[in-house]
Amino acid sequence: MDFEYTPKVQELRSRLLAFMDEHVYPAEHRFHAEIEANRAGGDAWIPTKIIEELKPKARAAGLWNLFLPFSKRVPEGLTNLEYAPLCEIMGRVHFAPEVFNCSAPDTGNMETLERYASEDIKRRWLDPLLRGEIRSAFLMTEPAVASSDATNIQCSMARDGDDYLINGRKWWSSGAGDPRCAVYIVMGKTSPDAGRHEQQSMIVVPSDAPGVKVLRPLSVFGYDDAPHGHMEVELTDVRVPIGNVLLGEGRGFEIAQGRLGPGRIHHCMRLIGVAERALEAMCRRALERTAFGKTIAQQGVTLERIADARCMIDQARFLTLNAAHKMDTVGNKIAKAEIAMIKVVAPRMACQVIDWAIQIHGGGGVSGDFPLAMMYAHSRTLRLADGPDEVHQVAVAKLELARHMTVPKSKHASLEEMPVTRG
């Protein structure tokens with residue numbers, strides 16, 4: 001594939017870099033100051049004013065809804081390959097994607113609604129999401145089961161006339177803490193007696209429906225991620241019309257596979273931006289600080305880590321671009337190996353690079369004086385979100401083994417059959 005950015009992407013990239021320099025980087029201190037002021041006032045779960053001020057500026061700059069490809073509603077949407085370098089830039093500041101209406105879980109939910117929802121559902125929920133007027137959450141993971149296996153999901157969706165009655169408990173429902181969160185996409189069990197992958201369905205649930213109760217925020221290494229939040233949510237006899245089911249009863253697992261592909265690669269794109277910023281911080285700190293008579297940058301171990309970080313970041317970037325290219329050209333289903341591989345590689349890479357940056361910053365690296373600790377917390381979470389490493393590794397290994405099961409034995413000797421030579 002050709003890794004050269006098209007003129008269209010080059011122009012958008014220049015525009016985005018300028019916007020980040022003019023508006024986003026200078027707003028970082030204010031963003032955190034607003035949250036701390038709200039927390040001191042007794043309510044951290046108040047949307048920041050700075051985000052709402054920047055959103056119309058981003059839209060006016062033509063940097064809005066860039067994530068959604070192949071949509072008549074969003075003609076400005078880019079392909080996955082086109083979006084990758086832009087998403088990477090947004091990832092350098094953790095709140096930046098929201099400024100451009102390109103933040104999770106809204107991006108995954110908007111793509112799900114665009115691909116699988118009825119026109120009535122799209123008008124009610126997708127259109128205001130695309131305008132950035134509301135936010136959303138995705139309720140899949142449950143505290144009572146190992147949700148890395150989506151077929152374990154137990155949330156009940158029982159048919160009652162023209163409605164479903166939903167009962168269950170969800171957690172790690174990212175975005176459900178935001179008071180602007182108006183709608184959930186919920187995965188639950190509608191057909192307990194069907195085949196293993198036909199028992200689940202996905203349904204659209206208004207967040208203010210009777211019976212919905214947000215129980216508590218879950219923290220990540222002590223960070224509550226307010227005002228976004230990762231919440232535990234209880235659903236008790238929540239009544240939803242059957243028309244809110246996406247695609248059809250029993251097709252939730254199918255939708256999950258389609259939804260999580262773009263969500264996974266978007267996380268990886270952003271993680272490359274996170275790692276780039278950590279490497280920059282590591283280099284600056286290494287050049288500024290002196291220990292044992294020379295700068296930290298002159299220490300051999302530092303040079304090795306900087307070199308390794310550059311290699312690892314570029315490797316992850318090329319693997320991400322390859323996955324994006326495959327998604328655009330042959331579809332998410334056929335590109336599942338490439339998506340799984342980058343979902344393993346990118347979070348691990350980011351965690352390692354950030355860890356090296358923390359080490360060079362010494363005690364400051366784990367403090368709140370630098371963003372590295374928060375960057376690590378978010379990056380480490382992504383080794384679990386949208387499927388843990390182990391699930392993706394198993395998927396890749398099975399696909400690799402399948403390639404060799406059909407190879408005639410006469411053509412390739414197995415490792416056991418190869419002669420052993422001794423020097």
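The values are calculated or read from the model by the stated rules, or taken from the named source; none is laboratory data. What you are looking at is a predicted structure, and each value in this text was computed from that prediction instead of being measured. Backbone-built Cβ (ideal geometry, glycine too); neighbour counts: all protein chains shown.
Before moving on, here are some points about what is shown:
- Scanning region 325-344 for residues that are without any contact (Cβ under 8 Å) to a residue 40 or more places away in the chain and either on the phi > 0 side of the Ramachandran plot or surrounded by fewer than 20 Cβ atoms within 10 Å (Cβ to Cβ) (or both) yields a count of 4.
- Test for Trp171: is it under 18 Å from the mean Cα position of the chain (by Cα) and over 23 Å from Ile339 (Cβ atoms): yes
- Contacts under 6 angstrom Cβ, first residue in region 221-249 being without any contact (Cβ under 8 Å) to a residue 60 or more places away in the chain, partner of a type in the set (Phe, Trp, Tyr), 6 or more apart: His230/Trp172
- Failed criterion for Trp45 (all others in (1) more than 29 Å from Asp225 (Cα to Cα); (2) of a type in the set (Phe, Trp, Tyr); (3) touching a Gly at 6+ places or on another chain (Cβ under 9 Å) hold): (1)
- Between Arg123, Arg135, the distinction of being within 20 Å of the chain's Cα centre (by Cα), closer than 28 Å to Ala96 by Cα and of a type outside the set (A, V, I, L, M, F, W, C) belongs to Arg135 only.
- Among (1) buried (at least 24 other Cβ atoms within 10 Å of the Cβ); (2) more than 19 Å from Pro105 (Cβ to Cβ), the one test that Lys170 misses: (2)
- Within region 355-373, the only residue that satisfies the criterion of being over 19 Å from Val93 (Cβ atoms), free of Cβ contacts under 8 Å to residues at least 24 places away in the same chain and either β-branched (Val, Ile, Thr) or assigned by TED's automatic domain parsing to the domain that holds Gly222 (or both) is Val366.
- Within region 316-333, the presence of a residue that is more than 15 Å from the chain's Cα centre (by Cα), under 24 Å from Leu218 (Cβ atoms) and of a type in the set (D, E, K, R) is excluded.
- Scanning region 176-203 for residues that are closer than 18 Å to Met231 by Cβ and more than 19 Å from the chain's Cα centre (by Cα) yields Pro179, Arg180, Ala182, Gly188.
- Region 374-399, residues that are in contact (Cβ under 8 Å) with a residue 60 or more places away in the chain and of a type in the set (Asp, Glu): Asp386, Glu390
- Filter pass, Asp208 being closer than 16 Å to Asn244 by Cα, surrounded by fewer than 24 Cβ atoms within 10 Å (Cβ to Cβ) and not aromatic (Phe, Trp, Tyr): yes
- Remark: Asn38 matches the filter, which requires a residue to be in a helix (DSSP H, G or I), closer than 22 Å to His378 by Cβ and of a type in the set (S, T, N, Q).
- Residue count for region 345-372, restricted to those that are in contact with a Gly (Cβ under 8 Å, 6 or more places away or on another chain) and surrounded by fewer than 20 Cβ atoms within 10 Å (Cβ to Cβ): 2.
- Flag for Glu36 being within 20 Å of Asn65 (Cα to Cα) and acidic (Asp, Glu): no
- Residues in region 92-118 that are in a helix (DSSP H, G or I), aromatic (Phe, Trp, Tyr) and in contact with a Phe, Trp or Tyr (Cβ under 8 Å, 6 or more places away or on another chain): none.
- Condition check for Val24: farther than 19 Å from Arg180 by Cα, assigned to a helix (DSSP H, G or I) and touching a residue at least 12 places away in the same chain (Cβ under 8 Å): yes
- If you check Ile50, Ile89, Ile121 for being of a type in the set (A, V, I, L, M), touching a residue at least 40 places away in the same chain (Cβ under 8 Å) and either within 21 Å of Ala27 (Cα to Cα) or not in a helix (DSSP H, G or I) (or both), only one passes: Ile89.
- Residue satisfying condition, being among the aliphatic types (A, V, I, L, M) and surrounded by fewer than 23 Cβ atoms within 10 Å (Cβ to Cβ), within set Ile255, Ile265, Ile272: Ile255
This table checks each residue for (1) closer than 16 Å to Ala158 by Cα; (2) β-branched (Val, Ile, Thr).
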site: Pro192; (1), (2): yes, no
site: Glu198; (1), (2): yes, no
site: Val204; (1), (2): yes, yes
site: Gly211; (1), (2): yes, no
site: Val214; (1), (2): no, yes
site: Pro217; (1), (2): no, no
site: Tyr223; (1), (2): no, no
site: Ala226; (1), (2): no, no
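- Selected residue [buried (at least 22 other Cβ atoms within 10 Å of the Cβ) and in contact with an Asp or Glu (Cβ under 6 Å, 6 or more places away or on another chain)] from Leu139, Leu81: Leu81
- Region 179-195 residues that are under 15 Å from Leu165 (Cα atoms), paired with ones that are charged (D, E, K, R) and assigned to a strand (DSSP E or B) (beta carbon under 8 Å, 6 or more apart): Val186/Lys170; Thr190/Arg159
- Residue in region 9-21 that is part of a helix (DSSP H, G or I) and in contact with a His (Cβ under 6 Å, 6 or more places away or on another chain) present: no
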